[in-house]
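This report concerns only the one structure given below.
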Amino acid sequence: MYGQERVYKKVEVIGISKNSIEDAIQSAVNTAHKSLEKLSWFEVGDIRGHVGEDGTVTEYQVDLKVAFQLKKK
């Protein structure tokens, strides 16, 4: 594969988890993998979350750009 010409398209997805940033990333990648063929890589953009009334983090949100290889005709 490396050394060969190829073209990718990037799309933005948002992963959400109540457990961790890593779980939010994995959730987004898992879902994108089910929807897109030849998913290849991701990059993390914004990270944000919600804070509960008691001051604890209740939700993590991670903006990701995921790339998949376009098919050649």
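The values are calculated or read from the model by the stated rules, or taken from the named source; none is laboratory data. Predicted, not measured: the structure shown is a model, and the values here were computed from it. Positions of Cβ are generated from backbone atoms using ideal geometry, with glycine treated the same way; all protein chains shown enter the neighbour counts. The protein model used for the area step is the full one, side chains on, heavy atoms only, and it has no ligands, DNA or RNA in it. Shrake-Rupley method; radii C 1.70, N 1.55, O 1.52, S 1.80 Å.
For the chain, a Kirkwood hydrodynamic radius built from all Cα pairs, placed in the Stokes-Einstein relation at 20 °C and 1.002 mPa s, yields a translational diffusion coefficient of 160 µm²/s. Each Lys and Arg contributes +1 and each Asp and Glu -1, all at the Cβ; summed about the Cα centre of the chain, the dipole is approximately 800 debye. Taking all protein chains as they are arranged and a probe of 1.4 Å, the heavy atoms of Ile47 leave approximately 90 Å² accessible to solvent.
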